[in-house]
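Undergrad: Once you've had a glance at the structure underneath, I'll fire off some questions.
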Amino acid sequence: MTETLRLEATINGRPRSVPIAPHHTLLEVLRDDLGLTGSKECCLVGECGACTVLLNGRSVDSCLVLGIEADGGEVITVEGLTRDGRLSRLQEAFLEYGAAQCGYCIPGQLVAAQALLASNPHPTRPEVEEGLAGNLCRCAGYEQIIEAVLAAAEGDAVEGEVAAASGRGATRSEPEAGKQLDVAATPDATVAPQ
């Protein structure tokens, strides 16, 4: 018989108690034991950031943390960014700026960006680049991801417009004069949920 430990932690704001194998990573506990599949299993060596979660307010690669290390702590996954069925300002910005692309890296990108904005509510572009450096995007959607984080920091995602002062152009809903908005490049979560 395999030994089990009991993990007692607050997961996405909810107290949880779950039996886990002592050798299971936090990623395995979240995905397999708790059914929270937003954090993605990818490299399993802490190189890609697809499994990024917040553990006691710190951004960590959940594939490198034993599940029992979260005992008594607080874990926030990408599912925990949504409140009362509503997307966060950051999530809205990712949709508005077409940052989702294939969607595989996006949970980790969102959680890493959330950690960045919690510690630095108004980061500069280089600070966003540094804050997300541990998260790889195989679709090379870095520009849209950075723009989305900057927009969320400015509050643009809530109002649906890009700040002219940032030098980033026109609104997403109204293309610049003479240019057509490429709607095929903008993901529609209702049609193709990630």
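The values are calculated or read from the model by the stated rules, or taken from the named source; none is laboratory data. Quick caveat, the model's predicted, so the values are computed rather than measured. Backbone-built Cβ (ideal geometry, glycine too); neighbour counts: all protein chains shown.
Undergrad: Considering only the stretch 102-116, I want to know if a residue exists there that is on the phi > 0 side of the Ramachandran plot and either over 12 Å from the mean Cα position of the chain (by Cα) or not β-branched (Val, Ile, Thr) (or both). Give the derivation first.
TA: Just the residues of the stretch 102-116 that are on the phi > 0 side of the Ramachandran plot, to begin with: 103.
Now restrict to residues that are either over 12 Å from the mean Cα position of the chain (by Cα) or not β-branched (Val, Ile, Thr) (or both): 103.
Yes, the conditions are met somewhere in the stretch 102-116.
Undergrad: Related question: For the stretch 131-142, give me each residue that is of a type outside the set (Gly, Ala, Ser) and exposed (fewer than 13 other Cβ atoms within 10 Å of the Cβ). Explain how you work it out, then say what you get.
TA: Going through the stretch 131-142, the residues of a type outside the set (Gly, Ala, Ser) turn out to be 132, 135-139, 142.
Correct list: Arg138 only.
Undergrad: Which residues, taken from the stretch 94-111, are surrounded by 15 or more Cβ atoms within 10 Å (Cβ to Cβ), within 17 Å of Gly49 (Cα to Cα) and not aromatic (Phe, Trp, Tyr)?
TA: Ala99, Ala100, Gln101, Gly103, Cys105, Ile106, Pro107, Gly108, Gln109, Leu110, Val111
Undergrad: Please go through the stretch 117-130 and give me each residue that is surrounded by 15 or more Cβ atoms within 10 Å (Cβ to Cβ) and of a type in the set (A, V, I, L, M), ordered by number. First the steps, then the outcome.
TA: Going through the stretch 117-130, the residues surrounded by 15 or more Cβ atoms within 10 Å (Cβ to Cβ) turn out to be 117, 123, 127-128.
Listed by number, the residues that qualify are Leu117, Val128.
Undergrad: While we're looking at this one, here's another question. Which one of these does Gly49 not meet: (1) buried (at least 19 other Cβ atoms within 10 Å of the Cβ); (2) on the phi < 0 side of the Ramachandran plot?
TA: Here Gly49 clears every test but (2).
Undergrad: Let me ask something else. If you check Gln91, Gln114, which single one turns out to be over 17 Å from Ile11 (Cβ atoms) and buried (at least 20 other Cβ atoms within 10 Å of the Cβ)?
TA: Working: Gln114 fails: over 17 Å from Ile11 (Cβ atoms).
Exactly one residue qualifies, and that residue is Gln91.
Undergrad: If you scan the stretch 22-46, which residues turn out to be buried (at least 16 other Cβ atoms within 10 Å of the Cβ) and of a type in the set (A, V, I, L, M, F, W, C)?
TA: Across the stretch 22-46, the qualifying residues are Leu26, Leu27, Val29, Leu30, Leu34, Leu36, Cys42.
Undergrad: Tally up the residues in the stretch 55-78 that are surrounded by 19 or more Cβ atoms within 10 Å (Cβ to Cβ) and closer than 15 Å to Leu116 by Cβ, please.
TA: Number of matching residues: 4.
Undergrad: Out of all the residues in the stretch 128-180, which are within 30 Å of Val60 (Cβ to Cβ) and at pLDDT below 50? Step through it out loud before you land on a result.
TA: If we filter the stretch 128-180 for residues that are within 30 Å of Val60 (Cβ to Cβ), which is where we start, we get 128-158.
Within the stretch 128-180, Val158 is the sole residue that qualifies.
Undergrad: Are there any pairs with C-beta distances below 7 angstrom linking a residue in the stretch 48-61 that is over 14 Å from Gly80 (Cβ atoms) to a residue that is aliphatic (A, V, I, L, M) and part of a loop (DSSP other than H, G, I, E, B), with the two at least 6 apart or on different chains, and if so which?
TA: Cys48/Leu136; Gly49/Leu136
Undergrad: Turning to a different aspect of this structure: Looking only at helices (runs of 4 or more DSSP H) that fall completely inside the stretch 54-133, which ones have 2 or more residues that are of a type in the set (Asp, Glu) and in contact with a helix residue (DSSP H, G or I) (Cβ under 9 Å, 6 or more places away or on another chain)? First the steps, then the outcome.
TA: Working: elements: 89-96, 106-119, 125-131.
Once the helices (runs of 4 or more DSSP H) in the stretch 54-133 are filtered for at least 2 residues that are of a type in the set (Asp, Glu) and in contact with a helix residue (DSSP H, G or I) (Cβ under 9 Å, 6 or more places away or on another chain), what remains is 89-96, 125-131.
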